[in-house]
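*Asks:* Okay, here's the structure, questions in a sec.
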């Protein structure tokens, strides 16, 4: 669509096509993604404070706007008005550069995420997953640079912790992603989305037992990549004041938080696109919205992956080729529905990040490294080998392979042209995955419906009572001063 707009602009203005294309893409990135990231970060900060409040038996923000939803906006205005300070001994240029270096890669990562079949800024990026890994790896440079340039021992300690855990955990993170790439047969994020349209059992998460475990390896490693608890040592306020951003104030301080929360969302989007069906509904072709629009994700996915949808740029033509009712408007509704799926799945991952932050304690740096080198790394390598062996042994027949020889993507998993063992494995893992999700969803649902009626109990009610009760109790072996004196005498 952007290419079509640029072509029309080039025709009317007489400017070269590439100039118009760069101008259109820059305008879209500035007008759409920057406000979206800002809104996402503000809502995420508010949501984290509310989640933390309810987990800790308090309300969180509630005075500024409905349910306190404007509290983040008020905090942002306050940060804009605060003085921008640079320590006297800091490297002034690098100190000012670091927040932007932390934020820019997150913005660049948004440009490759497919929010729908056509709602993708850069659809032709055939190495989309590698691009995202490379871009997000740059974010750590902003953290290290901020700590080094601050000329503060607290900041440099936090920066070095970040360097240690990022360099370590990016390896199992990348290996877990490679498991998905082996199963899918492509690095293109749009193709990954089309491959998982046949229903929840066709999501890559359920393709074999090894990638099922790789999903959780990716999630744990993504916590470290996002500096989230229990891997939030770079921001260890209990021992480092505030960590790598100790010396920052005002707007530059806020850039680090914008980068962190937007980075969490990007990590969630990668997990959604790679493992959780991307923009596709878990109901597959039976989804009511798909039926109303006349959209068959299996047929359209197979057509796209075999090149039958190539060459169409006009949305009306694309909708006609995909068999969608309503032309361009129907295609727009389909993409909006798909975008809600991607955002919903990513926000679910972000919610779990928040849940874990206010549940698990921070671990030591030696425990962080031990967990990666002796835990996640060997397990991830074993899952990679297991995935490769599974693909070699449980693969479509020669007839099916010849049918889809025009593409490297594993179209047979989408169309269901796989053996009985593969089908059985997918359904067993699907039932297991849905059961796990239902279990944790019931925990959240139960906490919500009983939040006003259930007594707020602590884990140690005898020594740590809650509310208006006496906040101190004596153990059974307590002796008063007089009793101790008589006993000693």
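Laboratory data are not the source of any read-out in this text; all were calculated from the coordinates shown. Quantities reported herein were computed from a predicted structural model and do not represent experimental measurements. Reconstructed Cβ throughout: ideal geometry from the backbone, glycine too, with neighbour counts over all protein chains shown.
*Asks:* Classify the range 42-196 as rounded, prolate or oblate from the Cα gyration tensor: take a ≥ b ≥ c as the square roots of its eigenvalues, call it rounded if a/c is under 1.5, otherwise prolate when a/b beats b/c and oblate if not.
*Replies:* Working: a/c = 1.98, a/b = 1.29, b/c = 1.53.
It is oblate, given that a/c is not under 1.5 and a/b is not larger than b/c.
*Asks:* While we're looking at this one, here's another question. Between residue 358 and residue 216, what is 0.36 nm times their sequence separation minus the Cα-Cα distance? Round to one decimal in nm.
*Replies:* Working: separation 142, 0.36 × 142 = 51.12 nm, distance 1.94 nm.
My answer for the length gained is 49.2 nm.
*Asks:* Convex hull volume of the Cα atoms in the range 265-377, per residue, in Å³? Mind dumping the intermediate values first?
*Replies:* On the way: hull volume 16.5 nm³, N = 113.
Convex hull volume per residue, Cα atoms: 146 Å³.
*Asks:* Ok, one more. Pairs of Cα atoms under 8 Å, at least six residues apart: use those to get the relative contact order of the chain, whole percent. Could you put the intermediate results ahead of the total?
*Replies:* Numbers: 674 pairs, mean separation 91.0, N = 489.
Reported as a whole number, the value is 19 percent.
*Asks:* Shifting gears a bit: Does the range 82-442 classify as rounded, prolate or oblate by the C-alpha gyration tensor (a ≥ b ≥ c root eigenvalues; a/c under 1.5 gives rounded; else a/b over b/c gives prolate, otherwise oblate)?
*Replies:* Details: a/c = 2.29, a/b = 1.66, b/c = 1.38.
Because a/c hits 1.5 or more and a/b exceeds b/c, the range 82-442 counts as prolate.
*Asks:* In addition: Relative to the present Cα-Cα distance, how much length would full extension add between residue 405 and residue 438 at 0.36 nm per residue of separation?
*Replies:* Values: separation 33, 0.36 × 33 = 11.88 nm, distance 3.90 nm.
Result: 8.0 nm gained on full extension.
*Asks:* Follow-up question, since we're still on this one. So how do 198-204, 331-337 stack up, highest first, on mean other-Cβ count within 10 Å?
*Replies:* Values: 198-204: 23.9, 331-337: 19.0.
The densest-packed peptide leads the list: 198-204, 331-337.
*Asks:* Right, here's the next one. Quick one: go through the range 289-315 and flag any residue whose amide nitrogen is under 17 Å from the point 7 Å out along the Cα-to-Cβ line of residue 17.
*Replies:* 310-315
*Asks:* Here's another thing I want to ask about it. Using packing as a proxy for protection, rank 164-174, 317-327, 75-85 so that the peptide with the highest average count of other Cβ atoms within 10 Å comes first. If you can, show how the numbers build up before the last one.
*Replies:* Working: 164-174: 20.3, 317-327: 17.1, 75-85: 12.8.
Highest to lowest by the protection proxy: 164-174, 317-327, 75-85.
*Asks:* Quick one: check the C-alpha center-to-center distance for the range 345-378 versus the range 99-125, whole angstrom.
*Replies:* Comparing the Cα centres of the range 345-378 and the range 99-125, I get a distance of 25 Å.
*Asks:* Sort 232-239, 59-66, 114-121 by the packing proxy (mean of other Cβ within 10 Å over each peptide's residues), most packed first.
*Replies:* In descending order of packing, they fall as 114-121, 232-239, 59-66.
*Asks:* So how much slack lies between residue 31 and residue 239, counting 0.36 nm per residue of separation and subtracting their Cα-Cα distance, in nm?
*Replies:* 70.9 nm
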